[in-house]
Structure formats: structure tokens, C-alpha cells
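Colleague: Below you will find the structure I want to go over with you.
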Amino acid sequence: MLMAASVFLPLLGAIIAGFFGRLIGDRGAQIVTCTCIGLAAICSIPTFADVALHGNHHLVHVMTFLSSGTFEAAWSLRFDTLSATMVMTVTCVSTLIHIYSCGYMSHDDSQPRFMAYLSAFSFAMLMLVTSDNLVQMFFGWEGVGVMSYLLIGFWFKKPSACAAAIKAFVVNRVGDFGFLLGIFAIYYLFDTVNFDTIFEAAPGKAESTVTFFSHQWHALTITCLLLFVGAMGKSAQLFLHTWLPDAMEGPTPVSALIHAATMVTAGVFLVARMSPVFEYAPSALAFVTFVGATTAFFAATVGCVQNDIKRIIAYSTCSQLGYMFVACGVSAYQAGIFHLMTHAWFKALLFLSAGSVIHAMSEEQDIRKMGGIWKLIPFTFAVMTIGTIAITGIPPLSGYFSKDMIIEAAYNSGTGIGKYAYFMTILVALLTAFYSWRLVFITFFGAPRADHHTMEHIHESPLVMLIPLGALALGAMFMGGGFNHLFVGEGREAFWHEAIKVLAPHDSIERAHQEHAPFLIHHLPLIVSLTGLAIAYWMYIVRPGTATRIANAVPGLYRFLLNKWYFDELYNFIFVRPAFWLGRVFWKVGDGAIIDGLGPDGISNLVGRTARRLGVVQSGYLYHYAFAMIIGIALVVTWIVAGQPGVAP
């Protein structure tokens, strides 16, 4: 009962707020949705204890989803350690975001709709993480995609919000097509989409091949690559990442929900869930590692020069997701999920703290127009600093434990791609510390850069926004140390049970525990994080003009990073402009000139022209009509007489 409640209560709240919002009003919609998601979070905690800590895995059958011949997909709630962890994380973080939204969106005129979207989004994510087969997962996958479209474009009167929503939807469809092909490949190989059957049969398919374009390909490698394409789109990895920063056009609670516990983490969950299959596709794992490490580096470099407070945090999300995929790529799935959980808390904290800053600064988001406000909003400053310490991996906060384990697992993976990932994650740790503390120093310290009117009205956020910030700060502080032993420590095997499968030769976490790395290697992540902090402090506090001088010294590099490696411009040139040109050709030539021109429009124009010409003879004079009748009778009589055989003309 508790398990079903933790999944379906958010749906109940979404239905009530969405369909009866006008009846119950803004306050009623807030109470209903917050209560439902809060009760779901409360139900998820004993469920997590029962499933993950006591090893009691459950499968709750809801209904038969699809059945056709030998194909059958049931709607069942799968509760093992992986799904129980995700349900607890999603519901707890989402509850705090719901409560925060009551204050942040208090002046919006569509609050019931917003709260309904939030709850429906949470339900779709819960449906995804509790799925027992790939078809159910795909419906949850598409559910979060649809709800993200609605939430990003919530302020639909803003053209930029509508464009961002469409962009997110279209880019995700590219990844989802790969995911769909991966599901087809799974069914082709295993004749089922049910996880348990797939996982049991995976060892027997380890050497299977498929013929494609007259070549033999390793079947599981192709399948896992297709599944990972779906993960790349949903988790905004390199080449399918362009939608993520534009998603900041939605309200700040939307940014926190999408970037913290839901949607973007779905790709990481997919790879971890399918670990029994990925373990037999080492080439696919190497590709996952490469993409994750490269994405982490790309996003970190871009984050160093951004000026929009939400976009900086958005690129940090993209970078941290890269860390998670590195962990999965080196078979440290447990570390990837551990970082997913800790990241949910400190990233939601950072986004909602940014929302509190924006609220205080009269909706200003440019950090260059802030400064000198830490004394005016001390609580927001304190919790945002906690989130920054956590994301930069400084002990004893959460990020230190999960990020450090990922870096150690990459080092101990024993592969060349693992060494590449180790080097990149160390470099990214330096960049993460730099841009994170840059954000704090520019926003809260230095001389005030806002106008006098804005500075006079800076104030701390209401209590309904500060309480969730405090709760998230506690999670960012203690979640890492509290769960380190269970997730990636000596107790991980008893904790994870069969939820994640790692082949012994690939177990980089085990090697990290057994093979003690040299002192420098072990402490290098902390050293580079402190170095990044020191560089940011020197550039923005000790010598405030240093960053400007560096940007002027290397303007090409600065513009390259500021324009996000020109991915948007490149895609616009390769895909968008040709697509618009082709669309205009089909519209003007194909549809307009050929189909309409020769079809209904052409026929109607011909009839119109004929009618206009015939209309000339309609003079209105009786003798004209009499003359025409006489001529007509004469022609008819002539035709009849001439057509009779044997009649002389």
C-alpha cells in the first residue's frame, strides 16, 4: 500500500489541481499538491528502509499494459534498491520544491496549473523509475518529456519560453528515437521487454551478432549504444545538450526540478538499470565513459564565463551528469547513483538559492548587476555557500564522498579510457570549483552594482521559501557521509543486492578499496578544488579586474566559451536553416504551387476566370438575350439537320 501511494499520490494531486483548480483556488491547489507529494515522500522512507536496508524486494502488479501474441508488457511497480532510492530522492526533493513554489509563484495568475504540472512531472518520473519493463519505462520517459515541455514553456506569452520549450522537445525526440530503436533491438534479441527475463538471458547473448549493412556487429554493443543515445538526449550529454541551458526560461522551481532529481537523471538511471546488459558490451561502456568525461569538460569550460546565474548552475548540471556517466562507463554504477542522489540535494539547493537571489534582486539574473548583498540576504548566502561547498567536493559535505569515489573508480578502472576520464574529471573538478566560487563572489561580495532602487528593495525571501532551502542544505551536508558506507563502501553488496550487476573483472569500486592509490592521487581532487577556490578568490576578491584583463588578452577563446563552443550556431547552419529552407520549398512549391495550384486552388481559379468571362455577355438588355437565343436555336437546328443521314444540306 505504501509503495503504490508513494507513486500515485502525486498523480492524484495533479488531477485535483489541474481539473478543479478554479474551484479550489490558488491556495487549495497548493495545499492539495504539497500534501499529496509530501505524503508520497513520507511513504517512500519506510519503503526505502524495507527494500534497501532489509532486502525485501517487491513487485506490485497494477494492470496489463499491452498484450499482443507473445508480446506482453504489464504495468507493475518494481521496488528494488535502485528504484526505492530513486523514489525516495524524487519525492523528498520534489516536496521541498513544491513548498518553495508556493512562495516563489505567489504572484502568478496560473498557480493551479503550475502546481498540477509539477505534480504530474513528479508522477511521470516515479513511473519511469519503478518500471518493470522497457515499454513502461518509455511511457514514463515520454511523460517527463511532455511535462518538461509544458513547464519550460509555462510562461507561454514569452516568445523565448516557447522557443526553449520547443527546442527541448525536439532535441529530446532525437534521443528518444535512439531509445525506441534500442527497445526494438532488445525485443529482437530477447523476445521480451521485461527486465528480469532480459537480465537472466544477457550472459547467453554475450557473443551474439547481428548483420547490418552486410557486416557482422556485436549485438549487445549496438543495443546498448542505441539505449545510450536516449540517455544522451534526456541527460543532456554532448551533441544533445543544447536544450538544457535554454530550459532556464521556465520558472526557477522548474529548473530545480528538471535539473536536480528528475528528467536529466533519467539517462543515468537507464544505464544503471540496464547494467546487466551493459556489462557484456565493453565497447559501449567505453563510449559512455568518453561522452561523460568530454561532456563534463565542455560544460565546465562554458560555465566559467557565463553571466546568467541560472545558466551557470545549468552548465554545472550538465558537467555533473558527465561525472555520473563516467562512473557508469567504468562499471561504478553504484557511485553514479550515489552522486545522482547527493547531486539532487545540492543542485536543488543551488537553483532554489538562485531563485531567492533573483527574488531579492527584483527578477535580475545577471550576476554582473549584483554584488555586495550577502549582508542583506544572509540566510540565502549561507545556504548557497553550503551548496557550493558540496558541489566542489570539499569535505565533509555530500559532494566530496560521491565525486571522490567516481574519480577514484576512473583511476582504478585499468583501461585507457578510464585514465582519460580520470584526467578530465580532475581538470573538471578544478573548473567546477572556479566557476562555482566565481558565482558566489560576484553575486554576494564586492561593491554593489545594482541601481539604487533595486538595492533599497533587496530583502530576504519569505519563510515558505527559506524552510525548503534549510532542509536541502541539511541534505547537502549529511547525505554523502550518511550513505557512503551503503552506496559505495564495504556494505554496498548487501545494500544493492541484485539491483545493479557488475562483472568481477570490471569492478573498479572494489579495486579502489583494495588498491590504495598514492597519497597525491587520492587527495588530488580536494587539492584541485581548493586551488579553484583560491584562483576565484584572487581574481574576483583580491584583484577584481583580473578576469576582464584575461578576457581582453584572449578575446577569441573568451568568445568561443561565451558562445558555448558555437554548437547552437553549428546546428543552426547544419540542421535548422536547411530544414527551414526545405520546409519553405515544400510549402511554396510542393503544397502551394503543385498541390493547391493544380488542385483545389487551380480548379477554383479556373471556375472563377470562366465565370468572369461569361459574365461579360450578361449585359442586361432583352434584345441581346433574344438575339443570343435565336443564334442558339439556329445552331441547334443546323446540328440536327446536318446530323440526319440521307438529308441533303
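Colleague: In whole angstrom, how far apart do the alpha carbon centroids of segment 120-181 and segment 385-436 sit?
Modeller: Each part's Cα centre sits 29 Å from the other's.
Colleague: Ala5 label point, 7 Å along Cα→Cβ, cut-off 19 Å on backbone N: hits in segment 39-69?
Modeller: Only 39-52, 58-62 fall inside the zone, counting backbone N under 19 Å.
Colleague: Looking at Phe269, Pro555, Ser436, which one has the Cα that reaches farthest to the positive end of the dipole of the chain (charges on Cβ: Lys, Arg +1; Asp, Glu -1)?
Modeller: Final value for the positive-end residue is Pro555.
Colleague: Where does the charge balance sit around Cys304 when Lys and Arg score +1, Asp and Glu -1, over other residues with C-beta under 13 Å from its C-beta? List each step's numbers first, then the result.
Modeller: Values: positive: Arg311, Arg438, Lys564; negative: none.
After counting each charged neighbour, the total is +3.
Colleague: Another question, then. Could you calculate the contour length gain from Ala611 to Ile15, that is, 0.36 nm times the residue separation minus the distance between their Cα atoms, to one decimal place in nm? Walk me through the numbers before you get to the answer.
Modeller: On the way: separation 596, 0.36 × 596 = 214.56 nm, distance 5.74 nm.
Taking 0.36 nm per residue and subtracting the Cα distance, the gain is 208.8 nm.
Colleague: Asp196 versus Thr531, label points 7 Å from Cα toward the beta carbon: distance in nm?
Modeller: Once both label points are built, they end up 5.1 nm from each other.
Colleague: Further question on the same structure: In Å, what Kirkwood hydrodynamic radius results for segment 282-391 from the alpha-carbon pair distances?
Modeller: Every distinct Cα pair counted, the radius reaches 15.0 Å.
Colleague: Would you kindly derive the ³J(HN,Hα) couplings of segment 146-157 from the backbone phi angles with the Karplus curve 6.51 cos²θ - 1.76 cosθ + 1.60 (θ = phi - 60°), listing them in order in whole Hz, with x for Gly and Pro?
Modeller: 5, 5, 5, 4, 5, 6, 5, x, 4, 8, 6, 6
Colleague: For the pair Leu376/Met63, report the inter-label distance in nm, with labels modelled 7 Å from Cα in the Cβ direction.
Modeller: 5.4 nm
Colleague: Moving to a separate point now. Considering all projection directions equally, how large on average is the shadow of the alpha-carbon convex hull of the chain, in square nanometres? List each step's numbers first, then the result.
Modeller: Numbers: hull surface 183.7 nm².
For the Cα atoms of the chain, the hull's average projected area reads 45.9 nm².
Colleague: Convex hull over the Cα atoms of segment 303-358, averaged projected area in nm²? Before the final figure, lay out each step's value.
Modeller: Working: hull surface 15.2 nm².
One quarter of the hull surface, i.e. the mean projection, equals 3.8 nm².
Colleague: For the chain, what does the accessible surface come to per residue with a 1.4 Å probe? Please give it in Å². Mind showing how you got there, number by number?
Modeller: Working: 27430 Å² over 649 residues.
On a per-residue basis, the chain sits at 42 Å².
Colleague: Pulled fully out, how much extra length does the chain show between Val637 and Asp109, if you take 0.36 nm times their separation in residues and subtract their Cα-Cα distance? Walk me through the intermediate numbers first.
Modeller: Numbers: separation 528, 0.36 × 528 = 190.08 nm, distance 8.00 nm.
Length gained, Val637 through Asp109: 182.1 nm.
Colleague: Additional query: Calculate the spin-label point distance for Ile541 paired with Glu498, positioning each point 7 Å from the Cα along the beta-carbon direction, and give it in nanometres.
Modeller: Taking the simple label geometry, Glu498 and Ile541 are separated by 5.3 nm.
Colleague: What does the net charge come to around Glu142 if you take all other residues with beta carbon closer than 11 Å to its beta carbon, with K and R at +1 and D and E at -1? It would help to have the intermediate numbers written out before the result.
Modeller: Details: positive: Arg173, Lys234; negative: Asp176.
So the environment of Glu142 carries a net charge of +1.
Colleague: A further question on this structure: Taking 0.36 nm per residue of separation and subtracting the Cα-Cα distance, what length does fully extending His522 through Val589 add?
Modeller: Working: separation 67, 0.36 × 67 = 24.12 nm, distance 6.49 nm.
Fully extending the segment from His522 to Val589 adds 17.6 nm.
Colleague: Near Ala29, within a Cβ-to-Cβ distance under 10 Å, what is the net charge of the other residues, with Lys and Arg +1 and Asp and Glu -1?
Modeller: Numbers: positive: Arg22, Arg27, Arg113; negative: Asp26.
Charge balance in the 10 Å sphere: +2.
Colleague: What FRET efficiency comes out for the pair Thr548/Val174, r = Cβ-Cβ distance, R0 = 35 Å, nearest 0.05? Mind dumping the intermediate values first?
Modeller: Numbers: r = 38 Å, r/R0 = 1.10.
It comes out at approximately 0.35.
Colleague: Rounded, prolate or oblate: which one fits segment 426-550, using the alpha carbon gyration tensor with axes a ≥ b ≥ c (rounded when a/c is under 1.5, else prolate when a/b beats b/c, else oblate)? Walk me through the numbers on the way to the answer.
Modeller: Values: a/c = 3.94, a/b = 1.66, b/c = 2.37.
Because a/c hits 1.5 or more and a/b fails to exceed b/c, segment 426-550 counts as oblate.
Colleague: Run lengths n ≥ 4 of DSSP H only: what is the helix-derived mean residue ellipticity at 222 nm for the chain, with -39500 (n - 2.57) per run over all residues, to the nearest 500? Walk me through the intermediate numbers first.
Modeller: Working: 29 runs with 444 residues, N = 649.
It lands at -22500 deg cm²/dmol.
The values are calculated or read from the model by the stated rules, or taken from the named source; none is laboratory data. Quantities reported herein were computed from a predicted structural model and do not represent experimental measurements. For neighbour counting, all protein chains shown are included, and Cβ atoms are generated from backbone atoms with ideal geometry for every residue, glycine included. Note: accessible area is taken over every heavy atom of the protein model, side chains too, but ligands, DNA and RNA are not part of it. Shrake-Rupley method; radii C 1.70, N 1.55, O 1.52, S 1.80 Å.
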